[in-house]
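Asks: Quick one: this structure, given as structure tokens, is what I'll be asking you about.
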Amino acid sequence: MKICVFSDIHGNYDALKLLADSEDFKTADIRICLGDVVIMGPFPNECIQTLLDNDCIWLMGNHDSYIANGLPKEEFQNFTPDKIAHQEYMINIIKNEFKDIIKKLPKDYLLEFNNKKIYFTHYVWETWDNVIDIPDVPTEENISKIFKNIDARYIFYGHEHKFSHFNDLNKEYICVDSLGLKHPGHYSIIDIDEFENVKITHKKIYYDVEKCKLNALRLGYPSAKKYVGFLE
């Protein structure tokens, strides 16, 4: 079995399209997006349509939750006016039929075979509509505490926008990084052989980042320059 895992697209259709055209993506038995498909990048509708067209498992991210449920009160009070304007712009451009889909997204996915479990999520949800804060420096100790209630051998997540792979005696914690809010983009491949051995490979994808920047700046939407800054 081959599983393609990616996260944090953030409206970057250039990165997602290149991944979708890759052999890794096409030959995968399961394709899982760990959330944050929308907000920041200029093409959320195109990204959503690509996931739907390719029968991807799509899990709720905190930015997807902003579209589905609005901004949590504890988040909203810390938002600057330009950040609020960006959120409102993104909410308005996403198609209504896609908003209905986002509202029904699951928050996790569990794959079980024999005595092994592989767990997928965007991050740990502190409340029904928001995830817990990212540690200043993710370590095996604090990540194991964050995911302490998850019963699985392998735990895959996104949200941190930085690849990491921690091990303890009973669990492995893998952050697959961001596909679309940095360059190059990142994703992971899980291969499970006939003996049920699990091999994890972390990969990069080099999309046309200059084209991506120009498209965002040309549209000139709120926080477009900030989005481009993430791709520098």
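Asks: Applying the Karplus parametrisation 6.51 cos²θ - 1.76 cosθ + 1.60 with θ = phi - 60° to the phi angles of the range 176-182, what ³J(HN,Hα) value in whole Hz is obtained for each residue in order, glycine and proline being reported as x?
Replies: Karplus-based 3J(HN,Hα) across the range 176-182 equals 7, 6, 10, 6, x, 9, 6 Hz.
Asks: State to the nearest 20 debye the size of the charge dipole of the chain about its Cα centre, where the only charges are +1 on K and R beta carbons and -1 on D and E beta carbons.
Replies: That gives the chain a dipole magnitude of about 400 debye.
Asks: So, one more: Under a 1.4 angstrom probe, counting protein chains only, how are Lys171, Lys204 ranked by accessible area, largest first?
Replies: The ranking, largest first, comes out as Lys204, Lys171.
Asks: Net charge near Phe156: determine it from the other residues with C-beta under 15 Å of the C-beta of Phe156, scoring Lys and Arg +1 and Asp and Glu -1.
Replies: Its environment carries a net charge of +1.
Asks: I would also like to ask the following. Report the chymotrypsin sites (Phe, Trp or Tyr not before Pro) located in the range 170-221 that are in a DSSP loop and have at most 10 other Cβ atoms inside 10 Å of their Cβ, or state none.
Replies: Counting only loop positions with at most 10 other Cβ atoms within 10 Å, the chymotrypsin sites (Phe, Trp or Tyr not before Pro) in the range 170-221 are Phe195, Tyr206.
Asks: At a Förster radius of 35 Å, what calculated FRET efficiency corresponds to the Cβ-Cβ distance of Ile132 and Asp208, to the nearest 0.05?
Replies: Taking R0 as 35 Å, the efficiency between Ile132 and Asp208 is 0.50.
Asks: With every protein chain left in place, what is the accessible area of Arg153 in Å² (1.4 Å probe, nearest 10)?
Replies: Solvent-accessible area, nearest 10 Å²: 80 Å².
Asks: At 1.4 Å probe size, put Met40, Met1, Met90 in order of accessible surface, largest to smallest. Present the calculation step by step, with values, prior to reporting the outcome.
Replies: Numbers: Met40 20, Met1 100, Met90 0 Å².
Largest accessible area first, the residues go Met1, Met40, Met90.
Asks: Now, a different point. ³J(HN,Hα) across the range 212-218 via Karplus (A = 6.51, B = -1.76, C = 1.60, θ = phi - 60°), whole Hz, x for Gly/Pro?
Replies: After applying 6.51 cos²θ - 1.76 cosθ + 1.60, I find 4, 5, 4, 4, 5, 5, 5 Hz.
Asks: FRET efficiency for Leu217 and Asn96, Cβ-Cβ distance as r, R0 = 41 Å, nearest 0.05?
Replies: On the way: r = 28 Å, r/R0 = 0.67.
Efficiency at R0 = 41 Å is approximately 0.90.
Asks: Simple spin-label model, 7 Å along Cα-to-Cβ: Leu110 to Phe195 in nm?
Replies: Simple spin-label model gives 2.8 nm for this pair.
Asks: Please report the spacing between the Cα centers of the range 131-191 and the range 1-67 in Å, no decimals.
Replies: After rounding, the separation between the Cα centres reads 17 Å.
Asks: Right, another one. Counting only DSSP beta bridges with both residues in the chain, what percent are antiparallel, rounded to the nearest 5?
Replies: Antiparallel bridges: around 65 percent, rounded to the nearest 5.
Asks: Carbon and sulfur: what percent of the chain's accessible surface (1.4 Å probe)?
Replies: On the way: 5490 of 11110 Å².
The value for the chain is 49 percent carbon and sulfur by accessible area.
Asks: Another question, if that's okay. What is the set of long-range amide H partners of Trp58 at a cut-off below 5 Å, with H atoms built 1.01 Å from backbone N?
Replies: Cys33
Asks: For His202, what accessible surface area do you get with a 1.4 Å probe? Give it in Å², rounded to 10.
Replies: The accessible area of His202 comes to roughly 60 Å².
Asks: Accessible area per residue, 1.4 Å probe, Å², for the range 73-152: what's the number?
Replies: I get 65 Å² per residue for this part.
Asks: Calculate for the chain the 222 nm mean residue ellipticity that helices alone would give, adding -39,500 (n - 2.57) per DSSP H run of length 4 or more and normalising by residue count, nearest 500 deg cm²/dmol.
Replies: -9000 deg cm²/dmol
Asks: Right, something else. Would you list Asp29, Asp191 from the most to the least accessible area, probe 1.4 Å? Numbers along the way, then the final one.
Replies: Working: Asp29 105, Asp191 55 Å².
Reading off the accessible areas and sorting them downward yields Asp29, Asp191.
Asks: Apply the Karplus curve 6.51 cos²θ - 1.76 cosθ + 1.60, θ = phi - 60°, to the phi angles in the range 93-108 and return the couplings in whole Hz, x for Gly and Pro.
Replies: Each residue's phi maps through the Karplus curve to give 8, 6, 4, 4, 5, 6, 4, 5, 5, 4, 4, 9, 5, x, 9, 7 Hz.
The values are calculated or read from the model by the stated rules, or taken from the named source; none is laboratory data. Because the structure is predicted, anything quoted here is derived from the model rather than measured. Quick reminder, even Gly has a Cβ in these numbers, built from the backbone with ideal geometry, and neighbours come from all protein chains shown. Protein only, heavy atoms only, side chains kept; ligands, DNA and RNA dropped before computing areas. Shrake-Rupley method; radii C 1.70, N 1.55, O 1.52, S 1.80 Å.
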